[in-house]
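This report concerns only the one structure given below.
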Amino acid sequence: MNGYKVLKNQEFSFADYKLVPLREKDKFLIMKWRNDQIDFLRQDKILTKRDQSYYFKNTISKLYNHSSPNQLLFSLIKESTCLGYGGLVHINWIDKNAEISFIMDTEIEKKCFKEIWVIFLKILESIAFNELYFNKIYTYAYDLRPHLYDALESSGYTNEAVLKNHFKFKSDYKDIVIHSKFNKS
């Protein structure tokens, strides 16, 4: 896996952090985090190493050479260590918008949730707005982690919509909360 054909630059940084095209060597870390945090994700089963290897081989690897991939995923790196991964998903190339997706190391999340989210958003915005010239990026979040909204709103995102009782979590219906930010340049 190399860089994304659609991007001029392949590394984006802020302070000691950088986003690079998703690294294959991070795939099993990512699998562990996804399994740890399954309640917050649109994932309906625990992933196995086989599932993760298949996904990287048959989905992720095809994104790099595509001129308009449906997602651009990155490893968030600090001092060569992957702290999380995410990027732009459900990309609409015609309307120039995309959903933000991000999860981080489960242990780091417990200590630095807001700080890491804010850094990730800052770097991701440079990709979305300055490299791809998107009009809008947004989150589509299960209303299970209200502390996420503080990170988003302190980064200039606006609570755009709440989809009431939109998904079933265990035996209750929960809301989806959508925050967005527009390209102001």
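The values are calculated or read from the model by the stated rules, or taken from the named source; none is laboratory data. This one's a predicted model, so the numbers in the text were calculated from it and none came from an experiment. Methodologically, a virtual Cβ is constructed for each residue, glycine included, from the backbone with ideal geometry; neighbour enumeration extends over all protein chains shown. These area figures cover heavy atoms from the full protein model, side chains too; ligands, DNA and RNA do not enter into them. Shrake-Rupley method; radii C 1.70, N 1.55, O 1.52, S 1.80 Å.
What tally of residues in the stretch 48-73 results from selecting those that are free of Cβ contacts under 8 Å to residues at least 60 places away in the same chain and within 25 Å of Ile116 (Cα to Cα)? It would help to see each step written out before you state the result.
Narrowing the stretch 48-73 to residues free of Cβ contacts under 8 Å to residues at least 60 places away in the same chain: 48-60, 62-63, 70-71, 73.
Those still in the list that are within 25 Å of Ile116 (Cα to Cα) too: 52, 56, 60, 70-71, 73.
Qualifying residue count, the stretch 48-73: 6.
To keep it simple, each residue is scored yes or no on (1) out of contact with any helix residue (DSSP H, G or I) (no Cβ under 9 Å at 6 or more places or on another chain); (2) of a type outside the set (Lys, Arg); (3) outside any strand (DSSP E or B); (4) farther than 24 Å from Ser13 by Cβ.
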{"residue": "Asn130", "(1), (2), (3), (4)": "yes, yes, yes, no"}
{"residue": "Phe134", "(1), (2), (3), (4)": "no, yes, yes, no"}
{"residue": "Tyr140", "(1), (2), (3), (4)": "yes, yes, no, yes"}
{"residue": "Arg145", "(1), (2), (3), (4)": "no, no, yes, yes"}
{"residue": "Gly156", "(1), (2), (3), (4)": "no, yes, yes, no"}
{"residue": "Val162", "(1), (2), (3), (4)": "yes, yes, no, yes"}
{"residue": "Phe167", "(1), (2), (3), (4)": "yes, yes, no, yes"}
{"residue": "Ile178", "(1), (2), (3), (4)": "yes, yes, no, yes"}
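Can you tell me how many residues in the stretch 127-143 are modelled with pLDDT under 95 and either open to solvent by 50 Å² or more (accessible area, probe 1.4 Å) or over 14 Å from His179 (Cβ atoms) (or both)? Talk me through it step by step, then tell me what you get.
Initially, the stretch 127-143 is screened for residues modelled with pLDDT under 95, giving 140-143.
If we keep only those that are either open to solvent by 50 Å² or more (accessible area, probe 1.4 Å) or over 14 Å from His179 (Cβ atoms) (or both) too, we end up with 140, 143.
The number of residues fulfilling the criteria is 2.
Quick check, is Leu124 crowded, with 19+ Cβ neighbours inside 10 Å, in a helix (DSSP H, G or I), modelled with pLDDT under 95 and in contact with a strand residue (DSSP E or B) (Cβ under 7 Å, 6 or more places away or on another chain)?
Working: crowded, with 19+ Cβ neighbours inside 10 Å: yes; in a helix (DSSP H, G or I): yes; modelled with pLDDT under 95: no; in contact with a strand residue (DSSP E or B) (Cβ under 7 Å, 6 or more places away or on another chain): yes.
When the stated conditions are applied, Leu124 does not pass them.
Only residues that are more than 22 Å from Tyr138 (Cβ to Cβ) and either in contact with a helix residue (DSSP H, G or I) (Cβ under 7 Å, 6 or more places away or on another chain) or open to solvent by less than 40 Å² (accessible area, probe 1.4 Å) (or both): list them for the stretch 76-111, please.
Selection gives Ile77, Cys82, Leu83, Asp105, Thr106, Ile108.
Find the residue count for the stretch 29-60, including only residues that are closer than 26 Å to Lys122 by Cα and either among the small types (Gly, Ala, Ser) or modelled with pLDDT of 95 or more (or both).
Residues meeting the conditions: 0.
Need at least 1 residues that are among the charged types (D, E, K, R) per element, so show me which strands (runs of 3 or more DSSP E) inside the stretch 5-100 make the cut, counting only ones lying wholly within it. First the steps, then the outcome.
On the way: elements: 12-14, 17-21, 72-78, 81-92.
Because the criterion is at least 1 residues that are among the charged types (D, E, K, R), the strands (runs of 3 or more DSSP E) in the stretch 5-100 that meet it are 17-21, 72-78.
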